[in-house]
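For reference, the structure is listed below as structure tokens.
The values are calculated or read from the model by the stated rules, or taken from the named source; none is laboratory data. This one's a predicted model, so the numbers in the text were calculated from it and none came from an experiment. In this analysis, Cβ positions are derived from the backbone assuming ideal geometry, glycine residues included, and neighbour counts consider all displayed protein chains. The protein model used for the area step is the full one, side chains on, heavy atoms only, and it has no ligands, DNA or RNA in it. Shrake-Rupley method; radii C 1.70, N 1.55, O 1.52, S 1.80 Å.
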Amino acid sequence: MLELASVTAGYEPRRPVFRGASLTVAPGEAVGLLGPSGCGKSTLARVAALLHRPDAGRLVLDGTEVTAWRHRAPRALRTAVGVVFQQPRTAADPRLTLADLIAEPLRATGRKGEAADRVAELAPAVGLTPELLTRRPHAVSDGQLQRACLARALSLRPRWLVCDEMTAMLDASTTAALVAAVETYREQTGAGLLAVGHDRVLLNRWCDRTVEWRDCLPAEGPPGR
Amino acid sequence: MADPRTHRLRLWTSALVVGAVVLAVLLVPPLVQLDEQAVDLSRKLLPPSWEHPFGTDDVGRDLLLRCVYGLRISLLVGLVAALVATVLGTAVGAAAGALGGWTDRTLMRLVDAFSSVPHLLLGIFVVALFRPGVWPVIASVAVTHWLSTARIVRSEVLSLRTRPHIEAAISGGASRRRVATRHLLPAVLPQAGLAAVLMVPHAMWHESALSFLGLGLPSHQASLGNLVQSARSSLLAGDWWPTLFPGLFLIVPTLALAGLAGVWRDRLNPRRRSELML
């Protein structure tokens, strides 16, 4: 269970982007979160991925309450959630080849030995050819780079996947291929999914249920609060 | 950006001058086997001639030889001081930017404290603590020049820290150390390297200023600052060469170094950066 309860988060002290957002994803469930841009849904996704410490509220991952974020979070908890960001350009280190990019989490967690096999296994799953794996981010398209970013998020076999507008930059065929890759992974492992986006048609088809951003927030209090 | 032709001209002139200077300071001393300290009072203050292309100084020493030896010392001081200052500045800036919070505030207040004292004054203070020599001068230049690098590196690290690729690394289980050494440092190194090259001319001027004030290298040692200093009295008597040539030896190589750094900086703009894989 991935449970976000009454989360308040923002980037400046005492000026939260949103207050009291709640959302629950059951194991193996795919939940789509719909909302207009700038409402804070990406921030909520970052809280769920342990990348942003909320000002208030709780995050419970598989029964463990999360009390530390980013580097302070225990590695096992951090790597239990895989993240795919909206813009592959900024989400990829420009110095690494796609193969190194996908293998980076394995190397970072001291499992260098498995890296080559895992890359060989993931590349066809996300539709990357061996030739593309030798290129660097500047020499591939956004779609190809996003495929590599998805492979990187899957490389440690996370129990949860957070996709923050994963396909917003991409064409229809790449979108379909990436969604299919995520679904294949979920069928194999039973991982849960939180997909954030504003494409209602896509999220309705992709996910078991979709949630409107306003339904995550508490009901409006009396005016002047 | 300047048009390609002036750009290329600047690159090649600078490269040529720097190349010639490096060759001269590396090859002349071992090859010619002349003593730049050799005094010959019968030949004092001779104007430029075939025998002494730059003339001689007030005790009859050959100025061309002394200029080359002076440039050698100045270049050595400049390079080592710039290297020390860059390493120090990068370490402090990266620590402040990557760790944040109290570490950041403390380190940056330290930088502010150092920069609030005029550079030359701080430099003189450091030199005054030791006996005259090359190392105190290098220390003096390094202590006063790491501040801007620390600021540049810190701001680069701060802007990189919130980039999704760093977040992806954290999410992939990377430790602080791995993020710093694998993702942050390689990204700021081009900037730090550029700062280092730009600092070399600056450090050379600083050394000359200290020597000119009589606080740098011992006055018998040929350094560009010492040469200009000892030539001051003869300039008033109308002998121009002891001041002109050391002055040119200071200005031309430092301009060429700055020119090379400028070409590098132009190539560092973000679009070119991804092409060059810096």
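Applying the set (1) farther than 19 Å from B:Arg176 by Cα; (2) within 14 Å of another protein chain (Cβ to nearest Cβ); (3) among the acidic types (Asp, Glu) to A:Glu104 leaves exactly one unmet item: (1). Residues in the stretch A:1-53 that are of a type in the set (Val, Ile, Thr) and in contact with a helix residue (DSSP H, G or I) (Cβ under 8 Å, 6 or more places away or on another chain): 2 in all. The number of residues in the stretch B:117-130 being free of Cβ contacts under 8 Å to residues at least 24 places away in the same chain and loosely packed, with under 15 Cβ neighbours inside 10 Å comes to 6. Considering only residues that are open to solvent by 50 Å² or more (accessible area, probe 1.4 Å) and at pLDDT 80 or above, which ones fall in the stretch B:237-259? Once the filter is applied, which keeps residues that are open to solvent by 50 Å² or more (accessible area, probe 1.4 Å) and at pLDDT 80 or above, the stretch B:237-259 yields B:Trp240, B:Leu244, B:Leu248, B:Ile251, B:Val252, B:Leu255. Among the residues here, A:Glu114 qualifies as away from every other protein chain (no Cβ under 12 Å), open to solvent by 10 Å² or more (accessible area, probe 1.4 Å) and at pLDDT below 90.
Within the stretch B:131-214, which helices (runs of 4 or more DSSP H) (wholly inside it) include 2 or more residues that are small (Gly, Ala, Ser), more than 14 Å from chain A (Cβ to nearest Cβ) and open to solvent by less than 40 Å² (accessible area, probe 1.4 Å)?
Per the criteria, B:134-161, B:185-212.
Of the residues in the stretch A:56-82, how many are in contact with a Phe, Trp or Tyr (Cβ under 7 Å, 6 or more places away or on another chain) and open to solvent by 70 Å² or more (accessible area, probe 1.4 Å)? Adding up the residues that qualify gives 0. Taking the stretch A:117-146 as the search range and keeping residues that are away from every other protein chain (no Cβ under 14 Å) and acidic (Asp, Glu), which one is surrounded by the fewest Cβ atoms within 10 Å (Cβ to Cβ)? Among those that are away from every other protein chain (no Cβ under 14 Å) and acidic (Asp, Glu), it is A:Glu131. Given the criteria open to solvent by less than 50 Å² (accessible area, probe 1.4 Å), within 16 Å of A:Arg186 (Cα to Cα) and within 13 Å of another protein chain (Cβ to nearest Cβ), does A:Arg157 qualify? In short, no.
Just one residue in the set B:Thr86, B:Thr103 is in contact with a His (Cβ under 9 Å, 6 or more places away or on another chain) and either under 20 Å from B:Ser155 (Cα atoms) or modelled with pLDDT under 90 (or both); that residue is B:Thr86.
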